[in-house]
Amino acid sequence: MSRYTLAVPISVLAESERRSVSRSTDAGDDAALFRRFLAGEDEAFHALFKRHNERLLVYCRKIVDDAGSAEDVTQEMWERVIALRARPQEVRNPVGFLLMVARNLCLDHLKKNRRLVPLSDLDESHHLQQKHPDLTELEEIAVASLDALSFEHREVLVLNLYSGYRFDEIAAMIGKTPDAVWAMASRARAQLRKIVARELKEMNRTRSGANNQRGNRPMEGNRS
Amino acid sequence: MISEHDRLLERYIGGEMNGDEEREFLTLAEHDPDLRDLLRAERAIISGTRKERLAMPAAPAKPGSALLARLAATSAAPETTVANGLAIFRNATVRWAIAAAAVLGIIIGMFVLSPLSAPEPAVVNGPAPADTGTTDDLSNQQPGAYSPGPDDGTAQSSPIDSAGNAPRLLTEPEQTGAAPQARARRQSASSQPHTFPLDEGDGDPVIFDNDTVKVRISP
């Protein structure tokens, strides 16, 4: 197994491959497709869309944390790509360009929609609730803990765990070496593990405390 | 900072451990609460992200109608041929090449049109030669023939009129009007008696034979 796929669990990779419409195999293919698209070939655009739309939509969903906004952002990203045809320019790293546009649009969206509303002002329907009913409590914590990471670390993990990009692909996208990306993902993963493990300890402590309280309470029937 | 526990976990999750190492690792995790919690956390990360990913609705495999309309708009109105042709000038290398070629052209043009570069007309005094030829082989020359030196740049002969009026210009710089000094020099020379700088130059012998001048030029 390649070093750059170590941090990706086999089961996750298999699932994401199954879900993914098509996997990019070579960054050179993307560059060729992009050139052909700029030259006026619509089929090349369709191929690029097929390769990257779902994966970048998933990325946007995780960054903006809203499915509808993520779709809008992805749509705008493609519109900007199409607009390049009117004023062609050299794009050496097409997928990196796509990610850069998606990232900037996501961050713009977050900045525009940053509103701080006191929890007490919200009615009950807006209160935090479990997003995924099929996740266990610890899984929910693990997924939510991604937000506690720095943006750079979170981005690498999202691109790898959710979008299914390999580390060498991510390296090409963000302009770093595969080794650097692998190390970054490794650190991010370790940090995430620590956060989740700390929460786990807290949960255990709370539970054991509750059990102790229950165990110390005298039973009514034993009094005589 | 990656701890030893993290390294072990990465090897375990990445499937790098053999059977013995894996058993040893799991035994260690049973007795080490920190490692056990980290292992549980890692499993929660794997399963949680996988479930969340699978719960996401599938994205469309084809662009929507709005995108297709935009795509069609850019396809239908491609850049004009002129615009495509001009696009090459956006390249910095091409721009520099064109600028260099223009400068070179100007320099060459200045050199060609410069008065200094106008050809010096050859002046022949005395009886004009009836034949042409080089001075390299004087044995082939007829008497009465004169050939200028090889550096004159005008190795042409001029017909002699019957009266033997010389000098005559071998070229016609008056047409260009570019060498008034040369013209004055020629006129002055024509009014002078026939002279040859016998003592100048590299001492090549000059042979007078009646009215014929032969100049031997060393190779």
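Beyond 25 Å in Cα-Cα separation lie the following of the pairs A:K62/A:K112; A:K50/B:K51; A:K201/B:K51; A:K112/A:K201; A:K111/A:K194; A:K176/B:K51: A:K112/A:K201; A:K111/A:K194; A:K176/B:K51.
Let me know the volume per residue of the alpha-carbon convex hull for the stretch A:21-114, in Å³.
91
Over all pairs of different C-alpha atoms in the stretch B:4-55, the reciprocal of the mean inverse distance, the Kirkwood hydrodynamic radius, equals 11.6 Å. Residue order for B:V94, B:V112, fewest other beta carbons within 10 angstrom first, comes to B:V112, B:V94. The label point for B:L68 and the one for B:R7, both projected 7 Å from the Cα toward the Cβ, are 5.6 nm apart.
Highest mean first, the peptides B:19-32, A:99-112, B:41-54 sorted by other C-beta atoms within 10 Å per residue fall in the order B:41-54, A:99-112, B:19-32.
None of the figures in this text is laboratory data; all of them are computed from the coordinates on show. The structure presented is a predicted model; accordingly, all values stated were derived computationally and were not measured. Positions of Cβ are generated from backbone atoms using ideal geometry, with glycine treated the same way; all protein chains shown enter the neighbour counts.
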